[in-house]
Structures are given as C-alpha cells and as structure tokens.
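The values are calculated or read from the model by the stated rules, or taken from the named source; none is laboratory data. Predicted model only: the values in this text are computed from it and were never measured. Here Cβ is always computed from backbone atoms with ideal geometry, including for glycine, and neighbour counts include all displayed protein chains. Remember, those area values only see protein heavy atoms, side chains included, never the ligands or the DNA or RNA. Shrake-Rupley method; radii C 1.70, N 1.55, O 1.52, S 1.80 Å.
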Amino acid sequence: MTLKNIWIYSRLILLTLSLFFFQSMLVGLPGLSGREATDQTNLTDNEKAWLTAHPIIRLAPDPEFKPIEFFDKDGFYKGIAADYTRLLEQKLGIKFEIIRCANWDEVIKRIKNREVDVLNAVVKTPQREIYLSFPQPYLKIPSVIIVRKNVTANLTLDMLKGMNLVMVSGYGYVDLIRNKYPGLNIELVPELKTALRKVSFGMADAFIGDLATTSFSLESEGITNLRLSGETEPPNISGFAVRSDWPELSSILEKGMILLTEDEKKAIFNKWIHLTVEPGMNMQEIQRYVLIIVCIISLLILCFLFFNRQLKRVVNLRTEDLRKEIEERKRTDEALRESETYLRTLIHTIPELVWLKDKDGMYLFCNSRFERFFGAKEEKIIGKTDYDFVDKKLADFFREHDKLAMTNASPTINEEEVTYADDGHHEILETIKTPLYDRNAKLIGVLGIARDITERKQAEEQRKKLEGQLRQSHKMESIGTLAGGIAHDFNNILSGIFGYSQLAQTNINDFKKVNNYIDQILKGAKRAAELVQQILTFSRQTEYKKNSFKIYYQVNEALKLLRSTIPTTIEIKKELVSRSMVLADPGKIHQVIMNLCTNAYHAMRKTGGRLKVSLMDVEIFKAKQLKNKNILPGNYLKLEVSDTGHGMDEETIEKAFDPYYTTNETGEGTGLGLAIVQAIVDEHDGYLEVLSTPGKGTTFYIYFPIVTDNLEIHDLNPKRPPSFVGNEKIMFVDDESPIRKIAKESLEKYGYKISLFKNGIEAQREFENRADQFDLIVTDMNMPGMAGDELSVKLKNTRNDIPIIICTGFSEVMNAEKAASIGINGFLLKPIVMKDLILKIREVLDKKVS
C-alpha cells in the first residue's frame, strides 16, 4: 500500500467518523419513543383553534441546500428537512404550502416581507431574531474548513486571518462566524457550488460551511482537489424558524417535534446519509473497529515517516499538484486571451468610433474607426492626448466634455463636426462620454463612443426646409384671405365716406345735416384707422409700450364697460385673486380682454349664460405643450375667460386664430379678434390655450410671465398739457398735399406759424439758410428723395438743439425707440388726428423750455 493510498483512506475514515458524529447529534436531540408520542396530546385548545384558523402555512425552502433541503429536477421538495416537514404534517394535521424561491437571498427577503410564514433548517442568530422566532432545533451538523489538497496543514478559524475566505450568503452561520471572528476576510457568494469552485480554482484560500452539504456537493459536482482541513466552532445547529408575529405557530412546531420518535429520526438520517453497517453490528461496535483501524493506519504512517523515500514521494505529490494547478491556470489564461481577442475584434469591427482615456486625457485604447480620425495606428495613439493630433481649439472642446463626464459622474452627450485625417472627409458625430471605474469604485478615465449622424442631420435640415416651404404656402393662403377681408372692410368704410361726402355736397346749405354727415365721415375714418391698427397688431408691426403694471385694474375696468353694454341675460362672474405685475402694454392687454369677452358674448347672446373672468398666480413646474408652443417652467399670471355658449369643435378651434375667419353673421365682427389676441400674447412672451366642447362652452387660458424686478410703474392716467395754443414757427414736411394743407390750417388756428415743404431736400436747403428761424420740425418718415430719419439727422447736424417730431403710417425701420436713439423728440403714427398732433407739438416744445 502506497503512502498516497494510506493518506486517502485515513481521510475517508475521518469523514466517516464525522458523519457518525453528525448522526449522533441528529438523533440525540429531544424526542419521544413511539408509545410516548402516541399517548401524549400536548396542543392547547387555543393552539388547535389557531391551526383551524390557519389551514395553510407557507414554507419557503432553500432551493440549493443538499441534502438538508432542495428541489429535485421534477420540482419536488426533498431532503432531511423536507422529511421532517412531512412528519409534522402527519402528526399535527397541518398543511404546509411549499413556496419555491430562486435562491436563499430571495427566501430571506420574502420572510421579512411576510410573504412566507415558516423556514426550515435555519440557524438562530441575533440578526435573525429581529424578525423570526425559533422553536427547539432538531439538526446539529459539524462545521468544517475546506481547502485545496496542496495545503497540508490542519487549520482553525484563528489561523485563517489574512486569508481569502468564501461562504454562502444569507446563511445564519455567516453571522455566527462574523460575530465571533470579526477580523476574517469573508467573500459571500449565492451558491455552495460557486464557493467550492472558487477554492478549487484558487480564487479563494478556504471555504467554511457544514459537513453534510459540503460532502454532498463535493460528490455531486465531482470536485477532487479539495480536502477537509479542520472543524470549527460553533457547530451548525438549525431547525424551524417562524415569522415573529406568529408565536402560536412557534409553540405548535416545538410541541410537534417532541412527538417524533427516535426510529423516525433514524429513518430520515439513513435515507440521506449513506453509511453501510454490516448485519449484527451495532453503532458502538462499528465505532470501536473504526477507531482500531485508525490507530493501525496512524502507526503505519509513523513507520513510513522513517523511510528515506518519504521525502521524495511527498515532493512528487506536491509537484503533481503544482503541475495540475499550472495547467488549470494556463487553461484559464488561454480562455481569458480568447475572450479578450473576441472583444477587441468586436470593438474594432463596429462602425462607431470607440476610445478610452485616463483621467489626464491620455489614450489607453481606440478602435480602427478612431484610427482613421487621427490618421494613425493605435500603438501610435496610446500614451498621447488630443493635443498631439488636432488643433488646440478642438482639443480643448474634447477635454472640456471629458471633464464634464468625470465631474458629473454620469454620461454626457454632445455633437461635434470633425475632419478625418486619413482622407479629409467631414462628419457630424454624436458623442457619448461615460466615466469608467474599477472594481473599487476608483475612477479610471472616460470611455467614448461616437456615431456618424451626418445623414440624419441632413435629413433634419431637409425636413425643416420642407416645413418652411409648407409654412410659406400656408402663409400665402392666409395673406390671400387677409387681403380679401381687408378689401371688403375698406370698401365698406369708403362707401360710407363717399356716400356721406356726396350728401354733404348736395345739402351744403343745410348746416345741421352737413354737420351730421361730417360726423359720419369722421367715424368712417376712425374705423379705417382702427382697422389698420388691428392689421398691424396682427402682423406685429405696431409699437408696444411695455411697462410693469397690475392686470387686475385693467380687467376690472374692462368688466365695468362690458356690464353696461351686454344684456342682463348674461351673468358676469369675476374671481380676481392675483395682484401680480406683468411687463406689458396696458392698451394691448385691454384689447385682449375686450376681444375675448366680446367673443364670449357673441357665443351666448341668443341663449344667455355666464361669462367668467378670473386672475390667479400659477407655478409651472414642468414644461408642457400649449398650441404648438412649449410653456417653460416658472411663475405666471393666468387669465381665464370662459363662457357657457355653443362651444367649438376641433376643426373650428384649429381655424379660430386665422385672420378673417369668423362664425358670426355678416356685419358682426371682422374675424381678426382671436388672431390679434394671439399676436399680442406672443409679443408679450405669453402662452395661450383654448379648451372647448360643443354645446357646453369655451375657456381661454392666457399665461403672462410675472415680473418681480423693481421696474417703472406705468401711469394709466397720464396728464395732458392744459393748453393747445402757441406762437412758435414750425417747419412741416410731407409729400402729401392734403396733409400739408390740413396741418397748416389746423395749426395756424391755434396761433402757430407754419412753413410747408413737400420733400426733405427742399426742407434741408431752407433750414440751412434759416436754421434760427424755426422752433420745431414736423416731418413724414416715408418720402421720395430723402426719408424723414435721414432729414432729421442732417437737420440735427446743422442745429443740434432743434426739436423734431416724426410721423409714419408704417415703417419697418422706424419706431419710437429708434426715433429716440437718433435724437428725435416725438413720434406719431398716421392717420394723424390734429388734436393728437397739437398735443405732441405742445409737449415737445414745453420740454425744450423746461
């Protein structure tokens, strides 16, 4: 018999003794003989009632705890603990529902969540006593240390400090070991076979666990290079564990265990722990013979130690183990190299640019696509930075986004246009940069992946171009509708003006009639002027005088006016909660309120109803879509105007904001109302939303940004000069003869001395000759030869203190702000009402005097 064989036999005998010890521990726990169990009825009436109230008790086994408990290939619950469970079902007349979990961690999670009621073969620990109660245990299994066979020393837990140990997570024995030996370096894995393989492959130095499951797993997994190196304390003592809020069940199970006989326990043991005993020999005799054999073998081993060949054989054994370990390492290294080759091939094959930099921007890796970008091979790129390949501006851009990803500890996305160094072609790249960390959460650098989105961007540009063409088409269609509407309205107005003018000529001697006709002509002219203002407002070409003010007052005044003009069949309800300020043109806001309320009145004039106007402060926390426009987060004043009229369908809502679209009868509105509202709201950086249901009514919501800055408060009631009279000399320049004549006659009536000029060239020539003879200049903006703004600059160059008022019907290059910037003192929009002109003249002249 060789020394190697003797060593193997000795280890088998020691394992056999341990298993006998395990059997003695198993059968030595509390129990009764068959007669005692039969005779004793030990459940109280309350416990019996509790069992009746809980006919099914959920039990979750450890799915991989062979041979203690597990699920076989057909899904049946098996093992020592399973047989104990079935015996208790028979003894107590209870029913366990077996809940199958993926692993022990899930079992623990579900018992904590009260999704199961009972666990089996569980070790009692202080940590588990928080949520579990433990009846008397019934299993006592020796705990052992498992190492590779090349480790010859017998070990204890005290000797394991500094070594890499592995145990199965979730088991109570882990808590016991950690509580008693806090200095041990223990790695937790989810399965026993994983733990044993780690020790077998040299990824861990030793495994700590119970003898029964370990020996069973070594046999079933065919692992041959491990050995038992020593036993540990405490042993693995386990039994049932019950959810802590069911103390009745804990007591019932403990009493049930007392009912089990010694014969029943031995039968369970012999079923799962396969020890063969010759007939006629009892356990004590077997143990005695085994002890004798161990002594004889131990004596033989001592004898062989004196032989000189012992050393050579031991060296050969260790050499063989080392050779096997080297071969295993070679196979592992080869597998790693194959995996690395496969990964590198995959990365080099994909069409995206892929690279890795360290924290300082130095390249650690790149793929073949990236090599084309820099025009260099990977070995030439590694160890260098962007500054070695691209210009400083682009390199700074790359480095900025590298730092951003590392600082934020999250991926960043950006677009960049680059030129490939290999062939000079351009690409637009979408780049994702992700910070990369090692297993200890230490920053390695930045992983970059860039995708060519050139075609996608070109497609987006083409789509935008097509959308622009479509919008232009819609715009032209709207312009056609607008032109027709304007022509219709102006023809109506002109018809009235022509008609009343002819009547005035016919009845020239009847002063009363002529005066009435002239009033009607003035009303027509005013309507024409208002129509022009509406069209300019819709096209956003009018001047907005924005100031900080409270809309509350504008709404109040508008509702007072409405109450006196609409019938009493329409109830007006107001809820003006907000007193917040907005930056807006008060006149335009008044127009918005009146237009919306007038629309509401038209919707209810036949049936009556309720008009509700409310003001409140709202805070938008998340951007949302409102009528093809995103409302941004922030604080807003919300104006709500609702009616209970006939409402609108989706098609009508879509057209409601088109110019000259109206559902009213002829003569009851121009169709510009909502188009103007939309234009004003957009000009004030506001948002508009409309909700409507046919037959139920319509609600408009308008959101204006609230201002908190200390801006100038708009004076809603400006004071006018008390007098129109003056004697100053005024140069009046306009290319329209009727306007010049009307101005001269009107102004001279109030004492002013007027000099008329039909263009800027004549006016400039005269002013250069007699600059000190004029006190004020009034000029038109759009004139042939020389525009009003050009004339004003030249006159100011001649005499810089001369006050100037400029008038315009419409100009894309001139408004009040532009006029003030070039030194013009006053600005008026045509058509000019003489009263307004005289007020402006007096205002400018008085400012000069003051």
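Some values worked out for this structure:
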{"item": "Peptides ranked, highest mean first, by Cβ atoms within 10 Å: ranges 786-793, 674-681, 110-117", "result": "674-681, 786-793, 110-117"}
{"item": "Exposure rank, largest accessible area first [HIS401, HIS684; 1.4 Å]", "result": "HIS401, HIS684"}
{"item": "Theoretical gain in end-to-end length, ASP105 to GLU430 [0.36 nm per residue, Cα-Cα removed]", "result": "112.8 nm"}
{"item": "Proximal lysines to LYS95, defined as alpha-carbon separation beneath 21 angstrom and excluding residues fewer than eight positions away on the same chain", "result": "LYS48, LYS78, LYS255, LYS265"}
{"item": "Two-site FRET efficiency, ILE653 against GLN469, from Cβ-Cβ distance with R₀ of 35 Å, rounded to 0.05", "result": "0.90"}
{"item": "Antiparallel DSSP beta bridges within segment 564-650, percent to nearest 5", "result": "65 percent"}
{"item": "Rough spin-label spacing in nm, given labels placed 7 Å along Cα→Cβ, for LYS847 and LEU311", "result": "11.7 nm"}
{"item": "Order by protection proxy (mean Cβ within 10 Å, highest first), peptides 256-268, 420-432", "result": "256-268, 420-432"}
{"item": "Neighbour net charge for VAL166 - beta-carbon separation under 13 angstrom, K R +1, D E -1", "result": "+1"}
{"item": "Accessible area in the full protein assembly, largest first, 1.4 Å probe, for ILE449, ILE589", "result": "ILE449, ILE589"}
{"item": "Carbon and sulfur %, accessible surface of segment 340-424 computed with the full protein complex present, 1.4 Å", "result": "56 percent"}
{"item": "Packing-based ranking, highest mean first, of 245-252, 503-510, 637-644 given that Cβ atoms within 10 Å are counted", "result": "637-644, 245-252, 503-510"}
{"item": "Residue pairs, from the table LYS377/LYS403; LYS403/LYS622; LYS403/LYS442, whose Cα atoms sit over 23 Å apart", "result": "LYS377/LYS403; LYS403/LYS622"}
{"item": "Accessible area, probe 1.4 Å, largest first, for residues PHE827, PHE398", "result": "PHE827, PHE398"}
{"item": "Whichever lysines have a C-alpha closer than 27 Å to that of LYS796, once near sequence neighbours (fewer than 8 apart) are set aside", "result": "LYS545, LYS729, LYS741, LYS744, LYS753, LYS758, LYS818, LYS830, LYS835, LYS840, LYS847, LYS848"}
{"item": "Local electrostatic count, ASN727, Cβ distance below 11 Å [Lys/Arg +1, Asp/Glu -1]", "result": "-1"}
{"item": "Whole-number accessible area per residue in Å² for segment 57-100, which is evaluated in the context of all protein chains at 1.4 Å", "result": "42 Å²"}
{"item": "Residues listed by number, segment 242-259, amide nitrogen under 19 Å from ASN42 label point at 7 Å toward C-beta", "result": "242, 247-259"}
{"item": "Inter-label distance for ILE350 and VAL294, nm, one decimal - labels placed 7 Å from Cα along Cα-to-Cβ", "result": "6.0 nm"}
{"item": "Residue-normalised accessible area of segment 349-451, expressed per residue, 1.4 Å probe, Å²", "result": "55 Å²"}
